[in-house]
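Each remark here refers to the structure printed beneath this line.
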Amino acid sequence: MKKILFIDRDGTILREPADEQIDSYEKFQFLPGCIGALSFIARHTDYLLVMVSNQDGLGTASYPEQDFWPTQNLMVEILHGEGVEFDAIHIDRSFPEQHLPTRKPGTAMLTPYLSDAFDIANSYVIGDRESDRQLAENLGCKYLFPDWEKVREVVCAGERTVSVTRKTAETDIHVSVNLDGQGKSDIQTGLGFFDHMLEQIARHGNVDLTVRCQGDLHVDEHHTIEDVALALGECILKALGDKRGIERYGYCLPMDDCLCQVSLDFGGRPWLVWQADFHRERVGDMPTEMFLHFWKSLSDSARMNLNIQAEGQNEHHKIEGIFKAFARALKMAVKRDVEHFVLPSSKGVL
(Lines give C-alpha, C1' and ligand atoms only; values in the text may rest on other atoms or scores of the structure.)
Protein backbone atom coordinates (compact mmCIF):
# COMPACT_ATOMS: atom_id res chain seq x y z
CA MET A 1 0.00 0.00 0.00
CA LYS A 2 1.21 3.49 -0.83
CA LYS A 3 1.66 6.18 1.80
CA ILE A 4 0.79 9.80 1.06
CA LEU A 5 1.84 13.26 2.16
CA PHE A 6 -1.16 15.56 1.77
CA ILE A 7 0.54 18.96 1.67
CA ASP A 8 -1.11 22.36 2.06
CA ARG A 9 0.27 25.16 -0.12
CA ASP A 10 -0.06 28.69 1.32
CA GLY A 11 1.49 28.89 4.77
CA THR A 12 3.06 25.47 4.33
CA ILE A 13 5.08 25.47 1.10
CA LEU A 14 4.81 29.17 0.35
CA ARG A 15 4.87 31.90 2.99
CA GLU A 16 1.37 33.31 3.32
CA PRO A 17 1.06 37.12 3.11
CA ALA A 18 -1.22 39.21 5.33
CA ASP A 19 -4.04 39.27 2.76
CA GLU A 20 -3.80 35.46 2.38
CA GLN A 21 -3.50 35.72 -1.43
CA ILE A 22 -0.27 34.90 -3.25
CA ASP A 23 -1.42 36.64 -6.41
CA SER A 24 1.78 38.35 -7.51
CA TYR A 25 5.47 37.50 -7.82
CA GLU A 26 6.26 40.09 -5.12
CA LYS A 27 4.44 37.88 -2.60
CA PHE A 28 6.13 34.68 -3.73
CA GLN A 29 8.43 33.17 -1.09
CA PHE A 30 9.08 29.60 0.06
CA LEU A 31 8.97 28.71 3.74
CA PRO A 32 12.48 28.18 5.20
CA GLY A 33 13.72 24.65 4.75
CA CYS A 34 10.80 23.57 2.59
CA ILE A 35 12.62 22.96 -0.69
CA GLY A 36 15.47 21.02 0.91
CA ALA A 37 13.12 18.91 3.03
CA LEU A 38 10.80 18.03 0.16
CA SER A 39 13.76 17.20 -2.07
CA PHE A 40 15.23 14.93 0.62
CA ILE A 41 11.87 13.22 1.17
CA ALA A 42 11.39 12.71 -2.58
CA ARG A 43 14.85 11.13 -2.88
CA HIS A 44 14.75 8.92 0.19
CA THR A 45 11.12 7.78 0.56
CA ASP A 46 8.33 6.42 -1.60
CA TYR A 47 5.56 8.68 -0.28
CA LEU A 48 3.15 10.06 -2.87
CA LEU A 49 3.08 13.87 -2.77
CA VAL A 50 -0.42 15.34 -3.03
CA MET A 51 -1.06 19.07 -2.72
CA VAL A 52 -4.40 20.02 -1.15
CA SER A 53 -5.37 23.68 -0.90
CA ASN A 54 -8.37 25.93 -0.35
CA GLN A 55 -8.17 28.92 -2.69
CA ASP A 56 -11.33 31.03 -2.21
CA GLY A 57 -12.43 31.36 -5.84
CA LEU A 58 -8.99 31.30 -7.49
CA GLY A 59 -6.79 28.60 -8.95
CA THR A 60 -7.74 25.41 -10.74
CA ALA A 61 -9.61 22.28 -9.85
CA SER A 62 -7.19 19.55 -10.83
CA TYR A 63 -3.73 18.53 -12.01
CA PRO A 64 -2.06 18.09 -14.55
CA GLU A 65 -4.14 20.78 -16.31
CA GLN A 66 -1.81 23.65 -17.19
CA ASP A 67 -4.00 26.68 -16.51
CA PHE A 68 -2.47 27.37 -13.08
CA TRP A 69 -2.15 30.92 -11.96
CA PRO A 70 1.46 32.10 -12.46
CA THR A 71 2.92 31.81 -8.97
CA GLN A 72 1.75 28.20 -8.60
CA ASN A 73 3.34 27.42 -11.97
CA LEU A 74 6.59 28.91 -10.70
CA MET A 75 6.40 26.95 -7.45
CA VAL A 76 5.88 23.67 -9.31
CA GLU A 77 8.74 24.44 -11.71
CA ILE A 78 11.19 25.28 -8.93
CA LEU A 79 10.35 22.14 -6.98
CA HIS A 80 10.57 20.08 -10.17
CA GLY A 81 14.14 21.34 -10.57
CA GLU A 82 14.90 19.93 -7.11
CA GLY A 83 13.47 16.51 -7.91
CA VAL A 84 10.07 17.12 -6.28
CA GLU A 85 7.09 15.96 -8.36
CA PHE A 86 3.52 16.17 -7.15
CA ASP A 87 1.51 13.08 -7.95
CA ALA A 88 -1.64 15.21 -7.79
CA ILE A 89 -2.71 18.76 -7.01
CA HIS A 90 -6.20 19.43 -5.68
CA ILE A 91 -7.40 23.03 -5.35
CA ASP A 92 -10.84 23.79 -3.95
CA ARG A 93 -12.08 27.14 -5.29
CA SER A 94 -15.17 27.51 -3.13
CA PHE A 95 -15.68 30.19 -0.49
CA PRO A 96 -15.96 29.30 3.23
CA GLU A 97 -19.59 30.40 3.44
CA GLN A 98 -20.55 27.81 0.81
CA HIS A 99 -19.63 24.95 3.19
CA LEU A 100 -18.86 22.56 0.34
CA PRO A 101 -17.57 19.07 1.21
CA THR A 102 -14.64 19.61 -1.16
CA ARG A 103 -13.26 22.37 1.04
CA LYS A 104 -10.84 21.39 3.80
CA PRO A 105 -11.39 19.89 6.30
CA GLY A 106 -13.92 18.11 4.07
CA THR A 107 -12.56 15.05 2.29
CA ALA A 108 -14.70 15.00 -0.88
CA MET A 109 -11.72 15.91 -3.11
CA LEU A 110 -9.70 13.07 -1.66
CA THR A 111 -12.10 10.10 -1.76
CA PRO A 112 -10.00 8.26 -4.41
CA TYR A 113 -7.27 7.87 -1.76
CA LEU A 114 -9.61 6.24 0.76
CA SER A 115 -9.18 2.78 -0.70
CA ASP A 116 -7.20 -0.33 0.12
CA ALA A 117 -4.50 0.79 -2.34
CA PHE A 118 -3.33 3.45 0.10
CA ASP A 119 -1.95 3.25 3.63
CA ILE A 120 -3.93 6.17 5.02
CA ALA A 121 -3.23 5.31 8.67
CA ASN A 122 0.50 5.89 8.09
CA SER A 123 0.06 8.91 5.81
CA TYR A 124 0.31 12.55 6.89
CA VAL A 125 -1.40 15.88 6.37
CA ILE A 126 1.17 18.70 6.51
CA GLY A 127 -0.38 22.13 7.05
CA ASP A 128 -0.37 25.25 9.18
CA ARG A 129 -4.07 25.62 9.97
CA GLU A 130 -6.58 23.96 12.21
CA SER A 131 -8.45 22.87 9.08
CA ASP A 132 -5.38 20.80 8.12
CA ARG A 133 -5.32 19.13 11.53
CA GLN A 134 -9.04 18.39 11.19
CA LEU A 135 -8.52 17.08 7.67
CA ALA A 136 -5.99 14.57 9.02
CA GLU A 137 -8.50 13.47 11.63
CA ASN A 138 -11.27 13.16 9.03
CA LEU A 139 -9.05 11.12 6.71
CA GLY A 140 -7.80 8.90 9.53
CA CYS A 141 -4.15 9.80 9.04
CA LYS A 142 -1.51 11.74 11.02
CA TYR A 143 -0.79 15.46 11.15
CA LEU A 144 2.43 17.45 11.01
CA PHE A 145 2.91 21.20 11.40
CA PRO A 146 5.22 22.59 8.67
CA ASP A 147 8.40 22.83 10.70
CA TRP A 148 10.25 21.41 7.73
CA GLU A 149 13.34 20.16 9.55
CA LYS A 150 11.12 18.18 11.90
CA VAL A 151 8.85 17.06 9.03
CA ARG A 152 11.84 15.67 7.17
CA GLU A 153 13.04 13.82 10.27
CA VAL A 154 9.67 12.28 11.16
CA VAL A 155 8.73 11.31 7.60
CA CYS A 156 12.14 9.77 6.83
CA ALA A 157 13.06 8.27 10.21
CA GLY A 158 9.68 7.63 11.83
CA GLU A 159 7.78 8.97 14.81
CA ARG A 160 8.99 8.51 18.35
CA THR A 161 5.74 8.48 20.29
CA VAL A 162 5.19 5.77 22.89
CA SER A 163 2.63 5.10 25.60
CA VAL A 164 3.13 2.81 28.57
CA THR A 165 0.56 1.64 31.09
CA ARG A 166 1.79 0.22 34.38
CA LYS A 167 -0.68 -1.14 36.90
CA THR A 168 0.22 -2.70 40.24
CA ALA A 169 -1.46 -3.10 43.60
CA GLU A 170 0.15 0.24 44.55
CA THR A 171 -0.17 2.44 41.45
CA ASP A 172 -2.12 2.76 38.21
CA ILE A 173 -0.03 4.77 35.74
CA HIS A 174 -0.28 5.88 32.11
CA VAL A 175 2.67 7.71 30.54
CA SER A 176 2.89 8.97 26.96
CA VAL A 177 6.02 10.53 25.44
CA ASN A 178 6.65 12.15 22.06
CA LEU A 179 10.39 12.81 21.74
CA ASP A 180 9.71 15.04 18.71
CA GLY A 181 7.04 17.13 20.39
CA GLN A 182 6.61 20.83 21.16
CA GLY A 183 7.10 20.87 24.93
CA LYS A 184 3.46 20.26 25.83
CA SER A 185 2.62 18.50 29.08
CA ASP A 186 -0.40 17.15 30.91
CA ILE A 187 0.74 15.86 34.30
CA GLN A 188 -1.40 14.57 37.14
CA THR A 189 0.33 12.48 39.80
CA GLY A 190 -1.39 13.75 42.92
CA LEU A 191 1.85 15.48 44.00
CA GLY A 192 1.91 19.13 42.98
CA PHE A 193 5.66 19.69 43.20
CA PHE A 194 6.37 16.44 41.35
CA ASP A 195 3.97 17.54 38.59
CA HIS A 196 5.84 20.84 38.33
CA MET A 197 9.20 19.07 37.99
CA LEU A 198 7.94 16.67 35.31
CA GLU A 199 6.58 19.67 33.40
CA GLN A 200 10.15 21.00 33.25
CA ILE A 201 11.25 17.86 31.39
CA ALA A 202 8.60 18.46 28.75
CA ARG A 203 9.08 22.22 28.40
CA HIS A 204 12.87 22.36 28.36
CA GLY A 205 13.37 19.02 26.61
CA ASN A 206 10.90 19.96 23.86
CA VAL A 207 9.07 16.68 24.31
CA ASP A 208 5.35 16.14 24.74
CA LEU A 209 4.63 14.35 27.99
CA THR A 210 1.43 13.00 29.51
CA VAL A 211 1.44 11.40 32.95
CA ARG A 212 -1.58 10.04 34.80
CA CYS A 213 -1.00 8.36 38.13
CA GLN A 214 -3.37 7.06 40.77
CA GLY A 215 -1.11 5.98 43.62
CA ASP A 216 -1.41 4.94 47.25
CA LEU A 217 -0.59 8.40 48.58
CA HIS A 218 -2.46 7.51 51.78
CA VAL A 219 0.56 5.28 52.49
CA ASP A 220 3.27 7.69 51.29
CA GLU A 221 4.78 9.14 48.11
CA HIS A 222 7.32 6.40 47.46
CA HIS A 223 5.39 4.13 45.10
CA THR A 224 4.00 7.00 43.03
CA ILE A 225 7.41 8.59 42.42
CA GLU A 226 9.23 5.32 41.79
CA ASP A 227 6.64 3.85 39.42
CA VAL A 228 6.29 7.06 37.41
CA ALA A 229 10.06 7.03 36.93
CA LEU A 230 9.97 3.40 35.77
CA ALA A 231 7.14 4.04 33.30
CA LEU A 232 8.75 7.24 31.99
CA GLY A 233 12.09 5.47 31.51
CA GLU A 234 10.39 2.63 29.64
CA CYS A 235 8.69 5.15 27.34
CA ILE A 236 11.98 6.88 26.54
CA LEU A 237 13.73 3.56 25.87
CA LYS A 238 10.99 2.35 23.52
CA ALA A 239 10.71 5.71 21.75
CA LEU A 240 14.43 5.67 20.95
CA GLY A 241 13.93 2.43 19.02
CA ASP A 242 17.18 1.18 17.49
CA LYS A 243 18.82 4.57 18.31
CA ARG A 244 20.08 5.10 14.77
CA GLY A 245 20.98 8.70 14.01
CA ILE A 246 20.73 9.98 17.60
CA GLU A 247 23.40 12.12 19.20
CA ARG A 248 23.40 9.64 22.12
CA TYR A 249 25.11 11.96 24.63
CA GLY A 250 23.76 14.99 26.41
CA TYR A 251 25.53 17.42 28.58
CA CYS A 252 24.33 22.03 32.52
CA LEU A 253 22.70 25.06 33.53
CA PRO A 254 22.83 27.59 36.33
CA MET A 255 19.68 28.55 38.21
CA ASP A 256 20.14 31.63 40.37
CA ASP A 257 22.43 30.53 43.24
CA CYS A 258 22.76 26.96 41.93
CA LEU A 259 24.83 25.15 39.35
CA CYS A 260 23.24 21.95 38.11
CA GLN A 261 24.98 19.57 35.73
CA VAL A 262 23.43 16.54 34.10
CA SER A 263 25.32 14.34 31.67
CA LEU A 264 23.77 11.26 30.12
CA ASP A 265 24.51 8.48 27.67
CA PHE A 266 21.92 6.27 26.00
CA GLY A 267 24.53 3.56 25.64
CA GLY A 268 22.36 0.79 27.06
CA ARG A 269 24.25 0.49 30.37
CA PRO A 270 22.25 1.95 33.28
CA TRP A 271 24.30 3.74 35.93
CA LEU A 272 23.68 6.67 38.23
CA VAL A 273 26.23 9.00 39.77
CA TRP A 274 24.46 11.32 42.24
CA GLN A 275 26.18 14.30 43.85
CA ALA A 276 23.44 16.44 45.37
CA ASP A 277 22.70 16.99 49.05
CA PHE A 278 19.54 18.50 50.51
CA HIS A 279 19.07 19.99 53.95
CA ARG A 280 15.29 20.13 53.97
CA GLU A 281 13.19 17.02 54.47
CA ARG A 282 10.55 18.12 51.95
CA VAL A 283 10.08 20.60 49.14
CA GLY A 284 6.39 21.17 48.60
CA ASP A 285 4.69 17.81 49.04
CA MET A 286 7.71 15.77 47.93
CA PRO A 287 10.36 14.23 50.22
CA THR A 288 13.84 15.25 49.09
CA GLU A 289 15.13 11.71 49.73
CA MET A 290 12.96 10.53 46.83
CA PHE A 291 14.85 12.50 44.19
CA LEU A 292 17.79 10.11 44.26
CA HIS A 293 15.35 7.22 44.02
CA PHE A 294 13.49 8.84 41.09
CA TRP A 295 16.65 9.30 39.03
CA LYS A 296 17.94 5.82 39.87
CA SER A 297 14.67 4.26 38.74
CA LEU A 298 14.59 6.37 35.59
CA SER A 299 18.20 5.51 34.74
CA ASP A 300 17.56 1.79 35.20
CA SER A 301 14.36 1.76 33.15
CA ALA A 302 15.69 3.89 30.28
CA ARG A 303 19.02 2.01 30.33
CA MET A 304 21.03 5.21 30.43
CA ASN A 305 24.17 6.32 32.19
CA LEU A 306 23.20 9.39 34.24
CA ASN A 307 25.61 11.70 36.07
CA ILE A 308 23.98 14.41 38.20
CA GLN A 309 25.69 17.15 40.21
CA ALA A 310 24.08 20.12 41.95
CA GLU A 311 25.38 22.76 44.33
CA GLY A 312 23.76 25.82 45.84
CA GLN A 313 21.76 27.12 48.79
CA ASN A 314 18.13 27.08 47.68
CA GLU A 315 16.71 23.55 47.70
CA HIS A 316 13.87 24.36 45.31
CA HIS A 317 16.32 25.87 42.84
CA LYS A 318 18.67 22.89 43.06
CA ILE A 319 15.90 20.39 42.39
CA GLU A 320 14.32 22.39 39.59
CA GLY A 321 17.74 23.03 38.08
CA ILE A 322 18.42 19.29 37.98
CA PHE A 323 15.17 18.60 36.14
CA LYS A 324 15.80 21.42 33.67
CA ALA A 325 19.38 20.32 33.08
CA PHE A 326 18.19 16.78 32.48
CA ALA A 327 15.64 18.07 30.00
CA ARG A 328 18.31 19.95 28.04
CA ALA A 329 20.61 16.94 28.08
CA LEU A 330 17.73 14.74 26.90
CA LYS A 331 16.92 17.15 24.07
CA MET A 332 20.53 17.06 22.93
CA ALA A 333 20.96 13.30 23.22
CA VAL A 334 17.79 12.28 21.32
CA LYS A 335 18.34 14.70 18.44
CA ARG A 336 18.52 12.76 15.17
CA ASP A 337 20.53 13.41 12.02
CA VAL A 338 18.67 11.76 9.13
CA GLU A 339 21.56 12.47 6.77
CA HIS A 340 23.85 10.34 8.94
CA PHE A 341 21.34 7.73 10.01
CA VAL A 342 23.74 5.28 11.62
CA LEU A 343 24.16 3.74 15.05
CA PRO A 344 26.37 6.00 17.23
CA SER A 345 28.54 3.16 18.48
CA SER A 346 31.67 1.35 17.39
CA LYS A 347 30.20 -1.85 18.86
CA GLY A 348 27.39 -1.99 16.34
CA VAL A 349 24.75 -2.26 19.05
CA LEU A 350 23.40 -0.08 21.86
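The values are calculated or read from the model by the stated rules, or taken from the named source; none is laboratory data. All of these numbers come straight from a predicted model, not from anything done at the bench. Cβ: placed from backbone, ideal geometry, glycine included. Neighbour counts: every protein chain shown. Note: areas computed on protein heavy atoms with side chains; ligands, DNA, RNA excluded. Shrake-Rupley method; radii C 1.70, N 1.55, O 1.52, S 1.80 Å.
Observations
- Annotation note: GluC sites (Glu not before Pro) in the stretch 136-196 located in DSSP loop regions with a Cβ neighbour count of at most 15 within 10 Å are GLU170.
- q = 0.27 Å⁻¹, the stretch 258-334: log10 I(q)/I(0) [Debye, one scatterer per Cα]: -1.33
- Portion, in percent, of the accessible area of the stretch 239-292 that falls on carbon or sulfur, probe 1.4 Å: 50 percent
- Counting only Cβ charges, +1 for Lys and Arg and -1 for Asp and Glu, the dipole size of the chain around its Cα centre is about 1000 debye.
- Over the stretch 167-222, relative contact order from alpha-carbon pairs under 8 Å, at least 6 apart, %: 47 percent
- In order through the stretch 196-212: 3J(HN,Hα) via Karplus (6.51 cos²θ - 1.76 cosθ + 1.60), integer Hz, x for Gly, Pro: 4, 5, 5, 4, 5, 4, 5, 5, 8, x, 6, 10, 8, 9, 10, 9, 10
- Backbone geometry of the stretch 284-301 corresponds, through the Karplus equation with coefficients 6.51, -1.76 and 1.60 at θ = phi - 60°, to 3J(HN,Hα) couplings of x, 9, 10, x, 5, 5, 7, 5, 4, 5, 4, 5, 5, 5, 5, 4, 4, 5 Hz, x marking Gly and Pro.
- The stretch 164-217, accessible surface, carbon-and-sulfur percent (1.4 angstrom probe): 39 percent
- All other residues whose Cβ lies under 13 angstrom from that of TRP271 are scored, Lys and Arg at +1 and Asp and Glu at -1, for a net of +1.
- HIS279-MET332 FRET efficiency (beta carbon distance; Förster radius 35 Å; 0.05 resolution): 0.70
- For the stretch 1-149, the Rg and Dmax computed from alpha carbons only, in angstrom: 14.3, 43
- Three semi-axes describe the equivalent ellipsoid of the stretch 80-197; taken as square roots of 5 times the Cα gyration tensor eigenvalues and ordered largest first, they are 36, 18, 16 Å.
- At 1.002 mPa s and 20 °C, Stokes D of the stretch 196-350 from Kirkwood alpha-carbon radius, µm² per second: 134 µm²/s
- Per residue value of the accessible surface for the stretch 169-297 (all protein chains in place, 1.4 Å probe), Å²: 45 Å²
- Under 5 Å from the amide H of GLN29 lie the amide H atoms of ARG15, each residue being 5 or more positions distant or on a separate chain, with H modelled from the backbone and absent for Pro and chain starts.
- Normalised per residue, the volume of the convex hull around the Cα set of the chain (Å³): 170 Å³
- Applied to the stretch 304-309, the Karplus parametrisation 6.51 cos²θ - 1.76 cosθ + 1.60 on θ = phi - 60° returns per-residue 3J(HN,Hα) values of 10, 7, 10, 10, 10, 9 Hz, with x for Gly and Pro.
- The stretch 1-153: antiparallel DSSP beta bridges as a percent of all, rounded to 5: 5 percent
- Equivalent ellipsoid semi-axes, the stretch 138-216, via Cα gyration tensor eigenvalues times 5, rooted, Å: 28, 15, 10
- Descending semi-axes in whole angstrom, ellipsoid equivalent of the stretch 184-272, from the Cα gyration tensor: 24, 18, 13
- Of the beta bridges in the chain, as assigned by DSSP with both residues counted there, near 55 percent are antiparallel.
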